[in-house]
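Q: Below are the structure tokens for one structure; questions will follow.
Bear in mind these aren't lab numbers, they're just calculated from the coordinates by the rules spelled out. As the structure is a prediction and not an experimental result, all values here were calculated from the model. With ideal geometry, Cβ positions are generated from the backbone for all residues, glycine too; neighbour counts draw on all protein chains shown.
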Amino acid sequence: MRIVYMGTPDFAVEPLRQLLDNGCNVVGVITMPDKAIGRHHETLQPSPVKKFYLEQKLEERGIVLLQPEKLKDEEFLAQLRALQADLQVVVAFRMLPEVVWAMPPMGTFNLHTALLPQYRGAAPMNWAIIHGDKETGVTTFFLDHDIDTGRIIMQERTPIHDTDNVEDIHDRLMMIGSGLVLKTIRAIEDGTAQSVPQEQFLTDEPLRHAPKIFKETCQIDWTAGLVPVYNFVRGLSPYPAAWSTLVMPDGKRQDVKVFQTSKEPREDVSLTPGTLLVEGAGTKHPQLKVAVPGGYLVIEQLQVAGKKRMSASDFLRGAHLPEGSRFE
């Protein structure tokens, strides 16, 4: 069975490695064009999938690399047809037009980092943590006309621990997903794959979506409560990172990214949400706490605009926070 693999970021490297290591007949790799970086966009940076392709010298194994600007471009479509793929596998690539996903006779399947039909959209790992879910997983499904709605082939589940951030879940799902992609290919190859409509997976639980995350999405709402704010921070850590604006009594303002926190439940907190409290000032390990409904959020790692990421205690040793300082 001839396979064309499509993917771009780090997450897509491990599944490709697994397919090659297990003898799958990958005939083509499709990834995004090199990205212009630098102050004057003078440097071209290849995607992680292309870097892997070059490092592994896949061209010497007869595997073709394509980097189309536009997926409906006739030259690209002709190159894709020439690969004569029986099956296409998509892992973190981009939305495909029907002329691409309908091309191979065995179809095109995608690896999605959620338990579909929950969390259709661009950022499923983030939103599952933000919503406080205790479980997530990966799904392979055949592409269809609408985004993330195709027939489900296989799923695997994994718990979300209370201390997991999105990097932890990313790395775990990358490994679980790599195995599931291989398992799905084997089942399609030997004719045992069963695919079912997503409607069969619906429960009484309302469907949640996973829209793309922008900077304004990441601003912390300190009125949301102790557990929701804690989940919000870890659902965006380390990237793109939750943030808030530090406001001093003299009116000075600066944005701060928050990467790691812990919870201190308290029923007697009467301070306005966002109010800062420094405990142990002048000691080796001062603590920075933020008043929220239901207690204090203890900030453990942060990054002030223009500076490096640091522990909150290091920040407090080098900064004076007057009484009345707050996050807003």
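Q: Over 25 Å between C-alpha atoms is what I'm after, so list which of LYS257/LYS284; LYS51/LYS134; LYS252/LYS289; LYS252/LYS308 land there.
A: Violating the 25 Å Cα-Cα cut-off are LYS51/LYS134.
Q: May I ask for the distance between the Cα centers of segment 15-43 and segment 254-283, given as a whole number of Å?
A: Their Cα centres are 43 Å away from one another.
Q: Can you list residues whose amide H is under 5 Å from GLY150's amide H, if they're 5+ apart or on another chain and H is modeled 1.01 Å from N?
A: Sorted by chain and number, the residues that satisfy this are ASP144.
Q: Let me ask something else about it. For THR158, what residues show an amide H to amide H distance below 5 Å, using hydrogens built from the backbone and excluding near sequence neighbours?
A: Correct list: THR136, GLY137.
Q: Which order do the peptides 86-94, 50-58 come out in when sorted by mean C-beta neighbours inside 10 angstrom, highest first?
A: Listed from highest to lowest mean packing, they are 86-94, 50-58.
Q: Say each of GLN67 and ASP171 gets a label point 7 Å from the Cα, pointing the same way as Cα to Cβ; how far apart are those two points in nm?
A: 2.9
Q: Based solely on its DSSP helices, what 222 nm [θ] is calculated for the chain when runs of n ≥ 4 H residues each add -39,500 (n - 2.57) and the sum is averaged over all residues, nearest 500 deg cm²/dmol?
A: -7000 deg cm²/dmol
Q: With angles folded into 0 to 90 degrees, how steeply does helix 166-190 sit against the dominant principal axis of the chain? Use alpha carbons for both and round to 10.
A: Helix 166-190 sits at roughly 20 degrees to that axis.
Q: Using 0.36 nm per residue of separation minus the Cα-Cα distance, give me the extension gain between ALA78 and GLU267 in nm, one decimal.
A: Between ALA78 and GLU267, full extension yields an extra 61.5 nm.
Q: Related question: For segment 55-165, what Kirkwood radius comes out of the mean inverse Cα-Cα distance, in Å?
A: One over the average 1/r among Cα pairs gives 15.9 Å for segment 55-165.
Q: Turning to a different aspect of this structure: Taking the mean number of other Cβ atoms within 10 Å as a proxy for protection, how do you rank 175-183, 114-122 from highest to lowest?
A: 114-122, 175-183
Q: Output the relative contact order of segment 50-166, whole-number percent, from Cα pairs under 8 angstrom with separation of 6+ residues.
A: Result for segment 50-166 is 19 percent.
Q: What residue among GLN155, GLN301, GLN260 shows peak mean-square fluctuation when the chain is described by a Gaussian network model with Cα springs under 10 Å?
A: The residue that fluctuates most here is GLN301.
Q: Percent relative contact order of the chain, based on C-alpha pairs within less than 8 angstrom and at least six residues apart?
A: This gives 13 percent for the chain.
Q: Mind checking which aspartates and glutamates have their C-alpha under 16 Å from LYS70, skipping anything on the same chain fewer than 8 residues away?
A: ASP34, GLU98
Q: Please give the net charge around GLY107, taking every other residue with its beta carbon less than 10 angstrom from that of GLY107, where Lys and Arg add +1 and Asp and Glu add -1.
A: Net of charged neighbours comes to -1.
Q: Subtract the Cα-Cα distance of ARG309 and ASP162 from 0.36 nm times their separation in residues, and report this length gain in nm to one decimal.
A: 50.7 nm
Q: If you take the beta carbon distance between HIS209 and HIS40 as r and set R0 to 35 Å, what does 1/(1 + (r/R0)^6) give as a FRET efficiency, to the nearest 0.05?
A: Calculated transfer efficiency: 0.35.
Q: Next question. Between ARG186 and LYS51, how high is the FRET efficiency from 1/(1 + (r/R0)^6) when r is the Cβ-Cβ distance and R₀ = 25 Å? Nearest 0.05.
A: Calculated transfer efficiency: 0.40.
Q: Can you tell me how segment 219-312 classifies by the Cα gyration tensor, rounded, prolate or oblate, using a/c under 1.5 as the rounded cut?
A: rounded
Q: Distance between the C-alpha centers of segment 78-120 and segment 299-319? Whole Å please.
A: That distance is 43 Å.
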